[in-house]
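Data first, discussion second: the structure below is written as structure tokens.
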Amino acid sequence: MQVDGTTKIYGIMGKPVSHSLSPAMHNAAFQKLGLNNIYVAFEVEDVAPALNGLRALGVCGVSVTIPHKQAVIPYLDAIDPVAQKIGAVNTLLIEDRHIRGYNTDWIGANQALGMIIDLPASTVLLLGAGGAARAIGFGLQEKGATVILANRTLANGQALARDLNCECYPLEGIKDLNVDVLVNATSVGMTPNVDAIPAAKAFLKNVPAVMDIVYSPLETRLLREAKQVGCKTVNGTNMLLFQGVAQFEIWTGRKAPVDVMREKLFCQLDLK
């Protein structure tokens with residue numbers, strides 16, 4: 001691609017961002033559609049001056065990652081209603097120095113889950129009470145699913161459950177629940193703690209489908225044991241892919257080349 005005075009700039013802001021897979025995924029998509037766009041990484045410590053800089057430089061859009069998903073909200077000119085409910089944004093669209101915030105994490109989760117279940121008719125047990133669980137929980141409710149929450153620290157789970165207006169259980173209290181799908185929205189099982197598992201194999205025998213948002217390793221112990229007892233499974237790369245697809249379409253107004261983005265993402269993860 002030839003970078004020139006008409007090239008539109010997109011990027012990701014967070015700290016750290018050097019590990020991000022988003023530049024490779026989005027740049028491959030821009031190239032596939034012949035768009036004179038480029039996506040770069042911005043390591044950002046102070047949100048307010050960073051957003052002023054993005055406005056001044058004519059940057060067209062950015063992904064927002066840890067630790068800034070909540071911190072950017074007071075500085076936005078507008079926010080999507082679902083992102084407002086979630087209380088976090090991961091996508092900024094900048095037009096004429098006007099910044100609008102979106103959250104595509106929930107869209108990515110819903111599309112990934114839609115590969116294995118019919119969401120509007122499902123009861124979902126959601127493990128976790130952090131930012132990812134919050135986005136996924138509100139997104140599931142947007143789609144008409146029933147959410148049940150469980151968390152290791154019950155007080156944190158109950159706080160999120162009040163916002164979601166749903167039931168909440170301690171992790172040890174889930175064994176008798178009847179649900180259609182289990183979603184792990186915690187970091188349990190992530191590299192390097194690959195032997196950790198957030199739910200017992202005995203419980204998984206009664207769950208038709210399991211999604212783990214962890215994508216390193218690609219197949220967590222949770223997914224491996226879920227497959228062993230006959231569950232349908234979906235891994236965290238799919239949520240990562242589909243949230244990026246939604247970002248691309250918000251920024252460009254074009255249908256994203258999903259296959260190209262998937263291939264590039266898998267290459268970055270050495271999964272091809």
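The values are calculated or read from the model by the stated rules, or taken from the named source; none is laboratory data. If you're wondering where the values come from, they're calculated on a predicted model, not measured in any experiment. Heads up, the Cβs are rebuilt from the backbone with ideal geometry, glycines too, and the neighbour counts pull from every protein chain shown. Note: areas computed on protein heavy atoms with side chains; ligands, DNA, RNA excluded. Shrake-Rupley method; radii C 1.70, N 1.55, O 1.52, S 1.80 Å.
Report the full-extension gain for the segment V258 to K8: residue separation times 0.36 nm, less the Cα-Cα distance, to one decimal in nm. Spell out each step's value before the answer.
Numbers: separation 250, 0.36 × 250 = 90.00 nm, distance 2.08 nm.
Value of the extension gain: 87.9 nm.
At 20 °C and 1.002 mPa s, grab the translational diffusion coefficient of the chain from Stokes-Einstein with a Kirkwood Rh over Cα pairs, rounded to a whole number in µm² per second.
This corresponds to a translational diffusion coefficient of 111 µm²/s.
Length gain on complete extension for the stretch L218 to A24, per 0.36 nm per residue less the alpha carbon to alpha carbon distance?
In short, 68.0 nm is gained.
Give the percent of DSSP beta bridges with both residues in the range 82-159 that are antiparallel, rounded to the nearest 5.
Percentage antiparallel, nearest 5: 50.
Sorted by accessible area (1.4 Å probe), largest first, how do K85, K69, K205 line up?
Greatest to least solvent exposure: K205, K85, K69.
Taking only DSSP H segments of four or more residues, each worth -39500 (n - 2.57), what value at 222 nm results for the chain once the sum is divided by all its residues, to the nearest 500 deg cm²/dmol? Don't skip to the end; give the middle numbers.
Values: 10 runs with 100 residues, N = 272.
Value at 222 nm, helices only, nearest 500: -11000 deg cm²/dmol.
Suppose each label sits 7 Å from its Cα in the direction of the beta carbon; what would the V229-T123 distance come out to in nanometres?
Calculated label separation equals 1.6 nm.
Suppose R0 equals 41 Å. What FRET efficiency, 1/(1 + (r/R0)^6) with r the Cβ-Cβ distance, do E172 and L269 give to the nearest 0.05? Each step should come with its number before you reach the end.
Working: r = 33 Å, r/R0 = 0.82.
The formula returns an efficiency of 0.75 here.
How much length would be gained if the chain were fully extended between K15 and L57, taking 0.36 nm per residue of separation minus their Cα-Cα distance, in nm to one decimal?
13.1 nm is the gain from fully extending K15 to L57.
In cubic angstrom, how much convex hull volume per residue do the alpha carbon atoms of the range 102-158 span?
Expressed per residue, the convex hull around the Cα atoms of the range 102-158 is 72 Å³.
Tell me, what ³J(HN,Hα) does each residue in the range 182-194 have, in order and in whole Hz, if you take phi through Karplus 6.51 cos²θ - 1.76 cosθ + 1.60 with θ = phi - 60° and put x for Gly and Pro?
10, 10, 8, 10, 10, 8, 4, x, 6, 3, x, 8, 6
Starting from the amide H of I99, placed 1.01 Å from N in the peptide plane, find each other amide H under 5 Å away whose residue is 5 or more places distant or on another chain.
The answer is D77, A78.
First measure r as the distance between the Cβ atoms of A71 and N36, then evaluate 1/(1 + (r/R0)^6) with R0 = 35 Å and state the FRET efficiency to the nearest 0.05. List each step's numbers first, then the result.
Details: r = 31 Å, r/R0 = 0.89.
Result of the calculation: an efficiency of 0.65.
Between the range 247-262 and the range 139-188, what's the alpha-carbon centroid distance in Å?
Their Cα centres are 31 Å away from one another.
When only the heavy atoms of the protein chains count and the probe is 1.4 Å, how do L204, L177 rank by accessible area, highest first?
These residues rank, largest area first, as L177, L204.
When N counts the residues of the range 96-213, how does its alpha-carbon radius of gyration compare numerically with 2.2 N^0.38 Å, as a ratio?
Working: Rg = 14.5 Å, N = 118, 2.2 N^0.38 = 13.5 Å.
Here the answer is 1.07, to two decimals.
Suppose accessible area is computed on protein heavy atoms with a 1.4 Å probe; arrange D176, D105, D259, D96 from highest to lowest.
Sorted descending by solvent-accessible area, the residues read D96, D176, D259, D105.
Under a 5 Å amide H to amide H cut-off, with H placed in plane at 1.01 Å, what residues pair with N37 once short-range neighbours are removed?
Under 5 Å from the amide H of N37 lie the amide H atoms of K8, each far enough along the sequence or on another chain.
Can you give the Rg/Rh ratio of the range 172-263, where Rg is from the C-alpha atoms and Rh is the Kirkwood radius?
Radius of gyration relative to Kirkwood radius: 1.07.
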